[in-house]
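Each remark here refers to the structure printed beneath this line.
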Amino acid sequence: MAAAESDSPLYLGLDFSTQQLKAVAIDGALGPVHQDSVQFDSELPEFRTQGGVHIHPDRLTVTSPVLMWVKALDLLLDRMKAAGFGFSRVRALSGSGQQHGAVFWRTGAARTLAQLDPGQNLHQQLKDSFSVQDSPVWMDSSSGPQCDALQEAAGGATRLADITGSRAYERFTGNQISKVRQTRPDQFQDTERISLVSSFGASLFLGRYAAIDYSDGSGMNLLDIRDRKWSQVCLDATATNLERLLGEPCLSTAVLGPVSSFLQRRYGFSGSCSVVAFTGDNPASLAGMCLHQGDIAVSLGTSDTLFLSLAEPRPSLEGHVFCSPVEPDGFMALLCFKNGSLTRERVRDRCCSGSWDVFSQALDGTPLGNHGNIGFYFDTMEITPPAVGLHHFDANDRQVRQEAPPPAVPHLSPCRQVSSWSPELEVRALVEGQFLSRRLHAERLGYSIGSASRVLATGGASANRQILQVLSDVFNAPVYTIDLSDSACLGSAYRALHGLVADSGVSFLDLLSNAPEPQQVCRPHRTAPQVYDPMLRRYAELEQKVLDKSRT
Ligand code: ADP
Ligand code: XUL
């Protein structure tokens, strides 16, 4: 490699996601030069997670060990060092984290963070730095009473949505903080700082507490998304002195400071490497796909999410409005579906002997519309809509199967009721049902598909062309992907680069105008609208029935 190349600057992006920690480094030409990841379940088995989390016996509480995330970072950086990664060339880094999760730092942790010894890893040194070892994460739905109390204090669900961009959601951090305060008062008392997973990640790189950025901060039910300040009424309803525990929120493009002297000495980062505020994984994905007005992004990760850029916020009782991670005055809309990849994996394991190839063949071998059969697969209480269980309907809308959700550890459970549907029909029912739901709720948010619409797909399952074909058919729009299926990581690297110049007014999309264009991978079948427009109307009616059943 030429000398100039080996000295050329790099920009590093990280993503603390649900199932893994990932990293990508890009060069000034925006091309990826290094990628790595650490899978929590398989590479850190001592934490005994499944899909990166612990599902508690009440099936509502879902947590992840905070030290697992710390140890994953040790492992990732050690591995990059062993591979000869040029840490000294990194001019700026940023990152993202699964949204909503909370990290509770124990009293005294700031001092430990500031005095880390480069001779030891982070995990050894931070083992006593957390007052709550098991961080509540986005899959948790155990804070119903706290949500009711917050909504009441704020003047109702609509008023709360107006202030914070969302009605009260169980996974949102403010409600999780209330629950910890009420159920674990001693641990709460012993907390000196609360971070999101994103700002926790940034803190590990800074060697001091990092501010929560406006975009990820919008997923807490605590931030006034228009004023970009903590909402006093929400703070007061959550905990006394909460503002002190959270610190001031910051612009998502803010440079927080240089990388810590610990990381400089242990890995050879340069003292002039800037840490740009970390944000949520969905906002970071929006950055990674360089989303333009009119585009809709569909992320098929552990959760399935849909998001788009918004000029004006119009919060409603469904979905979320967040501050934009890239435009200082902009916003983004987001819908989150909990039963995404893990549900597809469960059906793959049960119907396709664990093989994605067989799963894909089932989609190829079945017709659009699946002979009128429609399935709902809510293994755990869904977020959009709040329904649960497995429900099958035939072409005459007769319910042919209904089951409670599978146990939390499906592979340890006995074989469940046999479906009257063949495995192939079941696979198509699952995927069509998921995408009909995504389209129905996107349209309810005000999104409409026009002739120039593009669906940009990302996340682990966007590697599966047959799944994307169903997405294209159900949305009747072409589907595009970017080279890296991990757009949150790439978006973090782009944001690192942008953070260095954002203060001078350079817009994110102008700076990234040379980023590789998304490539079209699927076009809708010409008969798709005839099949899916009427099916969507049926789906909406059946979903209401399923929702009514879930409430009884
Ligand atoms: P996260 O960022 O939430 O940790 P990813 O975006 O990396 O998750 O996606 C992980 C998921 O991708 C896995 O749970 C897996 O089900 C799914 N996945 C990976 N490869 C395929 C494939 N070929 N077909 C369908 N799904 C896939
Ligand atoms: C978004 C959400 C999830 C997490 C994990 O509101 O809860 O998408 O960010 O990816």
Yes/no for ALA157 being hydrophobic (A, V, I, L, M, F, W, C) and touching a Gly at 6+ places or on another chain (Cβ under 9 Å): no
Helices (runs of 4 or more DSSP H) contained in the stretch 130-206 and holding at least 1 residues within 16 Å of ligand 1 (Cβ to nearest atom): 197-206
Single unsatisfied condition, ASP379 versus (1) surrounded by fewer than 19 Cβ atoms within 10 Å (Cβ to Cβ); (2) more than 15 Å from ligand 2 (Cβ to nearest atom); (3) acidic (Asp, Glu): (1)
Residues satisfying the stated conditions in the stretch 284-304, i.e. assigned to a helix (DSSP H, G or I) and away from ligand 1 (no atom under 14 Å from the Cβ): LEU286, ALA287
Helices (runs of 4 or more DSSP H) wholly inside the stretch 444-548 that include at least 3 residues being within 16 Å of ligand 1 (Cβ to nearest atom) and either under 30 Å from ARG91 (Cβ atoms) or in contact (Cβ under 8 Å) with a residue 12 or more places away in the chain (or both): 465-475, 487-499
Some residue of the stretch 10-21 being buried (at least 16 other Cβ atoms within 10 Å of the Cβ), within 15 Å of GLY268 (Cα to Cα) and within 20 Å of the chain's Cα centre (by Cα): yes
Some residue of the stretch 364-376 being aromatic (Phe, Trp, Tyr), away from ligand 1 (no atom under 14 Å from the Cβ), farther than 30 Å from SER94 by Cα and surrounded by 22 or more Cβ atoms within 10 Å (Cβ to Cβ): yes
Selected residue (only one of LEU30, LEU116 is part of a loop (DSSP other than H, G, I, E, B), over 27 Å from ASN514 (Cα atoms) and out of contact with any Asp or Glu (no Cβ under 8 Å at 6 or more places or on another chain)): LEU116
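Matching residues to (1) crowded, with 23+ Cβ neighbours inside 10 Å; (2) in contact (Cβ under 8 Å) with a residue 60 or more places away in the chain:
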position: MET139; (1), (2): yes, yes
position: ALA157; (1), (2): no, yes
position: ASP162; (1), (2): no, yes
position: PRO185; (1), (2): no, no
position: ASP190; (1), (2): no, yes
position: SER203; (1), (2): yes, yes
position: ILE212; (1), (2): yes, no
Among the residues listed as VAL255, VAL326, VAL276, the single one being in contact with a helix residue (DSSP H, G or I) (Cβ under 6 Å, 6 or more places away or on another chain), of a type outside the set (Gly, Ala, Ser), buried (at least 24 other Cβ atoms within 10 Å of the Cβ) and farther than 27 Å from ALA161 by Cβ: VAL276
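Could you list, in sequence order, the residues of the stretch 258-273 that are in a loop (DSSP other than H, G, I, E, B) and surrounded by fewer than 19 Cβ atoms within 10 Å (Cβ to Cβ)?
Once the filter is applied, which keeps residues that are in a loop (DSSP other than H, G, I, E, B) and surrounded by fewer than 19 Cβ atoms within 10 Å (Cβ to Cβ), the stretch 258-273 yields GLY268, SER270, GLY271, SER272.
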Leading residue by the ranking (modelled with the lowest pLDDT) among those in the stretch 384-432 that are surrounded by 15 or more Cβ atoms within 10 Å (Cβ to Cβ), β-branched (Val, Ile, Thr) and closer than 23 Å to TRP138 by Cβ: VAL388
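Let's see how each residue does on (1) β-branched (Val, Ile, Thr); (2) away from ligand 2 (no atom under 16 Å from the Cβ); (3) closer than 18 Å to ALA210 by Cβ:
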{"site": "GLU43", "(1), (2), (3)": "no, yes, no"}
{"site": "GLY52", "(1), (2), (3)": "no, no, no"}
{"site": "ASP58", "(1), (2), (3)": "no, yes, no"}
{"site": "ASP74", "(1), (2), (3)": "no, yes, no"}
{"site": "VAL103", "(1), (2), (3)": "yes, no, yes"}
{"site": "SER142", "(1), (2), (3)": "no, no, no"}
Qualifying positions in the stretch 83-98 - part of a loop (DSSP other than H, G, I, E, B) and either within 16 Å of ligand 2 (Cβ to nearest atom) or surrounded by fewer than 21 Cβ atoms within 10 Å (Cβ to Cβ) (or both): ALA83, GLY84, GLY86, GLN98
Unique match (being within 16 Å of ligand 2 (Cβ to nearest atom), modelled with pLDDT of 95 or more and among the aromatic types (Phe, Trp, Tyr)) among PHE269, PHE205, PHE262, PHE278: PHE278
Index of the failed condition, LEU436 passing every other in (1) buried (at least 23 other Cβ atoms within 10 Å of the Cβ); (2) closer than 30 Å to ASP213 by Cβ: (2)
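Residue-wise test of (1) within 21 Å of PRO118 (Cβ to Cβ); (2) part of a loop (DSSP other than H, G, I, E, B).
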position: ASP15; (1), (2): no, no
position: VAL24; (1), (2): no, no
position: VAL38; (1), (2): yes, no
position: SER42; (1), (2): no, no
position: ASP58; (1), (2): no, yes
position: SER64; (1), (2): no, no
position: VAL70; (1), (2): yes, no
position: ASP74; (1), (2): yes, no
position: LYS81; (1), (2): yes, no
Members of the stretch 274-283 that are in a loop (DSSP other than H, G, I, E, B) and within 16 Å of ligand 1 (Cβ to nearest atom): PHE278
Filter result for GLN19 (within 16 Å of ligand 1 (Cβ to nearest atom) and free of Cβ contacts under 8 Å to residues at least 24 places away in the same chain): no
Subset of the stretch 305-350 [of a type in the set (Lys, Arg) and away from ligand 2 (no atom under 12 Å from the Cβ)]: ARG314, ARG344, ARG346, ARG348, ARG350
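The values are calculated or read from the model by the stated rules, or taken from the named source; none is laboratory data. Since this is a predicted model, take the numbers as computed values, not measurements. In this analysis, Cβ positions are derived from the backbone assuming ideal geometry, glycine residues included, and neighbour counts consider all displayed protein chains.
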